[in-house]
1. Give the residues of region 196-215 that are surrounded by fewer than 16 Cβ atoms within 10 Å (Cβ to Cβ) and of a type in the set (D, E, K, R), sorted by residue number.
2. Which residues, counting only those in region 177-209, are part of a helix (DSSP H, G or I), over 19 Å from residue 158 (Cα atoms) and touching a residue at least 40 places away in the same chain (Cβ under 8 Å)?
3. Give me the pairs: first residue in region 23-51 and β-branched (Val, Ile, Thr), second residue loosely packed, with under 11 Cβ neighbours inside 10 Å and modelled with pLDDT of 95 or more, beta-carbon distance under 7 Å, and six or more apart or on different chains, which are they?
4. Here are some residues: 177, 184, 190. Which one is over 19 Å from residue 165 (Cα atoms), in contact with a Leu (Cβ under 8 Å, 6 or more places away or on another chain) and crowded, with 16+ Cβ neighbours inside 10 Å?
5. Can you confirm whether region 142-152 contains a residue that is among the β-branched types (Val, Ile, Thr) and either under 23 Å from residue 121 (Cβ atoms) or in a helix (DSSP H, G or I) (or both)?
6. Could you figure out which of (1) closer than 21 Å to residue 43 by Cα; (2) touching a Gly at 6+ places or on another chain (Cβ under 7 Å); (3) without any contact (Cβ under 8 Å) to a residue 40 or more places away in the chain; (4) open to solvent by 10 Å² or more (accessible area, probe 1.4 Å) isn't true of residue 126?
7. So in region 75-106, with the set limited to residues that are outside any helix (DSSP H, G or I) and within 17 Å of residue 59 (Cβ to Cβ), which one is farthest from the chain's Cα centre (by Cα)?
8. Find all pairs meeting these conditions: Cβ atoms under 6 angstrom apart; at least six residues apart or on different chains; first residue within region 129-151 and surrounded by fewer than 18 Cβ atoms within 10 Å (Cβ to Cβ) and at pLDDT below 95; second residue of a type in the set (Gly, Ala, Ser) and not in a helix (DSSP H, G or I).
Amino acid sequence: MMTQSTGIRAKLTTCLRGLLLLLAGAASTPGLAQTAEQEVHDLQRHWAEIQYRTPEKQRADKLAALTEKAGTLTARYPDNAAVWTWSGIVRASHAGAKGGIGALPIVKAAKADLEKAISLDGSVLDGAAYTSLGSLYYQVPGWPIGFGDDKKAQTLLLKGLEYGADDMDANYFYADYLFQQKDYAQAMAYANRAEHGPADLERPVASEGRLGQIKQLQAKIQQKLH
């Protein structure tokens, strides 16, 4: 015969089992766990804060830490092109902040990440992987030091513009490329397009920072045109 205490214990056990099952179900519910899109957004936000709101001397260390986070995301979402794109962008920024010969392995890793993104889906994020890879090709030294190649840069940057004709970044980097090529009239045309490109309302710090870079580029081009 079941005693009162035995009955209470049995009810508690049943309730606890039910609670554990409920918690297990909640943990596996997509809405309660961060999605790849949310994690990319976090990566973008942290990158913008470092790139545009952090003193220059502190950027390399902070970007190195963010690179590690990006690496965990590519391992977690190996088939997500947006994750690989942003991993490449973070690595490229880290290389730029670090500078010197020591940055070459980092920039090569950035190149590999962006190529991986393109192999999965180059159209994501308005072709950002093409734009970012193109920017590496015209900014990195050529052979025998690096892989820089102006012709490849132009091909990739134009491909980025196919996916993001009005994109602020795509137009800015192509304007900067044209400036480096001393095609100042065309550079100004694309810089103006970049200036009037729609800002990303979900990334206000990045949009504000890029707009500042666009205005600096316009000023440099203006000096060459006069």
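1. The answer is 202, 208, 215.
2. Selection gives 205, 206, 208, 209.
3. No pair meets every condition.
4. None of the other options fit; the residue is 184.
5. Within region 142-152 (the criterion being among the β-branched types (Val, Ile, Thr) and either under 23 Å from residue 121 (Cβ atoms) or in a helix (DSSP H, G or I) (or both)), the answer is no, since none of the residues qualifies.
6. Unmet condition: (3).
7. Step one: filter region 75-106 for residues outside any helix (DSSP H, G or I), giving 77-80, 99-100.
Next cut, within 17 Å of residue 59 (Cβ to Cβ) only: 99-100.
On the way: 99: 19, 100: 22 Å.
Out of the qualifying residues, it is 100.
8. As it stands, the answer is 141/148; 142/148, since those pairs meet every condition given.
The values are calculated or read from the model by the stated rules, or taken from the named source; none is laboratory data. Bear in mind the structure is a predicted one, so any value in this text is a computation, not a measurement. Glycine also receives a Cβ, built like all others from the backbone with ideal geometry; neighbour counts cover every protein chain displayed. Protein only, heavy atoms only, side chains kept; ligands, DNA and RNA dropped before computing areas. Shrake-Rupley method; radii C 1.70, N 1.55, O 1.52, S 1.80 Å.
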